[in-house]
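Everything below concerns the one structure shown next.
The values are calculated or read from the model by the stated rules, or taken from the named source; none is laboratory data. What you are looking at is a predicted structure, and each value in this text was computed from that prediction instead of being measured. Because the Cβ atoms are built from the backbone with ideal geometry, glycine has one as well, and the counts that use them run over all protein chains shown. Ligands, DNA and RNA are stripped out before the accessible areas are found, and what is left, the full protein with its side chains, is counted by its heavy atoms. Shrake-Rupley method; radii C 1.70, N 1.55, O 1.52, S 1.80 Å.
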Amino acid sequence: MRYESIAIHGGRMDDREKKAVNYPIYLSSTFAQPSLDQFQEFVYSRGNNPTRSNVENLAAELEDAKYGLVLASGMAATSLVFGLLKQGDKVLINNNVYGGTWRFVSNVFADHGIEYEIVNDFNNYNFDTADSNVKMVFIETPSNPLLEITDIRKVSAEAKRKEILTVVDNTFLTSYFQKPLNLGADIVVYSATKYYAGHSDILAGLVMVNNDELYAKLKFLQNTYGGILSPIDSFLLARGIKTLSLRLDRHQKNAWLVAQYFQQHPAVKNVYYPGLKSHKNHEIQRSQADGDGGVLSIRLNDGWDSKKFIEGLKIFDLAVSLGGVESLICHPASMTHESYALELQNKIGIDNKLLRLAVGLEHQEDILEDISNALKEAKI
Ligand SMILES: Cc1ncc(COP(=O)(O)O)c(C=O)c1O
């Protein structure tokens, strides 16, 4: 089956005696066992729950992955993967990642004796210069919020040569547009709160992996930390996934139009969208992804006021997050990346003027009109 069909029919386990077209919600914390010397697959829902296993299988099938793990949030997924690290290990991380990931790296690692180093340009990083205690590379591509692109094939191959694990946060594209495991990465993490669930109604996280040993470690940690997704939210996640490809096609179409509109508008100084030919890593993006997603960032020119622009928008709500059906705008420096010290924010380019737009599924003309009107109101 192809992606669109798997999204609808995949993951289903064998519990189909009632012929329900949707996999049922198993609201049971525990499961009766046949006998003391014969335990069945489902024992206790922190370890395994049928509704969760169903969506784990579904997400893995879509990813071409052997295994999928579903967690209570994207940060629970990232934390699970960081749980593989031991005292003395070091992680290389790209310079703009989701603020929560940065909060973890810059606050929690030190308490566990784990080091990190920011890499400004992984595409030109020489792994021969990496310290011998580097055990993990963590990249977001496209990155949040600057939409920078890292060459997954190149980084994974170089890291593998040094026995370093490559982890990719693929939240902005999902497996519909990009499959990092097929490009050589070891682990993929997602905030499934975003496009997978797709309706801004639940939080969820995914971890995808092919390697049996890595899976066994991560599965052990999932059961040990206990940050699993509830059966009801697992059902909602599976429901969202059924329309993922349709939604992403429309998100992308609308984002493209918005990016092109911004590009020709005198109010806009910079547009960051990997689908634009002018994007510095456009060619890398084309070589590894089938699409560019629905998120873009901009900076307005002097003479236009960002606050007035935001306040002038009627369709775009001012809110963190992305990947739901509705259009959102946010101010990364104060809303999603406030955990970065001001000096670091400025060094990376997450400055006060940067705005991130998550383009939704509204009619394209309504979206463009909204932006056009708000830019008029933003003129100083
Ligand atoms: C790229 C990326 N990764 C991870 C996360 C964390 O996900 P969650 O909010 O589901 O914990 C987010 C949330 O915005 C994100 O944008």
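The table that follows gives values for the structure above.
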{"read-out": "Within the range 57-73, tally of residues that are within 18 Å of F220 (Cα to Cα) and free of Cβ contacts under 8 Å to residues at least 60 places away in the same chain", "value": "1"}
{"read-out": "Condition check for I298: closer than 11 Å to L375 by Cβ and not in a helix (DSSP H, G or I)", "value": "yes"}
{"read-out": "Looking only at the range 309-347, and only at residues there that are buried (at least 22 other Cβ atoms within 10 Å of the Cβ) and not in a loop (DSSP other than H, G, I, E, B), the one that is farthest from the ligand (Cβ to nearest atom)", "value": "F309"}
{"read-out": "Unmet criterion (only one of (1) away from the ligand (no atom under 16 Å from the Cβ); (2) open to solvent by less than 30 Å² (accessible area, probe 1.4 Å)) for V168", "value": "(1)"}
{"read-out": "Pair list, Cβ < 7 Å and 6+ apart or interchain, from the range 183-201 residues that are closer than 18 Å to S327 by Cβ and open to solvent by less than 10 Å² (accessible area, probe 1.4 Å) to residues that are part of a loop (DSSP other than H, G, I, E, B) and within 11 Å of the ligand (Cβ to nearest atom)", "value": "Y195/G323; A197/A204; G198/G323"}
{"read-out": "Checking I350 against (1) open to solvent by 10 Å² or more (accessible area, probe 1.4 Å); (2) under 29 Å from V119 (Cβ atoms), the condition it does not meet", "value": "(1)"}
{"read-out": "Within the range 217-235, tally of residues that are under 25 Å from L85 (Cβ atoms), open to solvent by 60 Å² or more (accessible area, probe 1.4 Å) and either within 15 Å of the ligand (Cβ to nearest atom) or among the aliphatic types (A, V, I, L, M) (or both)", "value": "1"}
{"read-out": "Where A76 falls short, out of the listed (1) within 18 Å of L218 (Cα to Cα); (2) open to solvent by 10 Å² or more (accessible area, probe 1.4 Å); (3) away from the ligand (no atom under 12 Å from the Cβ)", "value": "(3)"}
{"read-out": "Filtered residues of the range 1-25 (kept if open to solvent by 50 Å² or more (accessible area, probe 1.4 Å), closer than 23 Å to K66 by Cβ and modelled with pLDDT of 90 or more)", "value": "M1, R2, E4, I8, H9"}
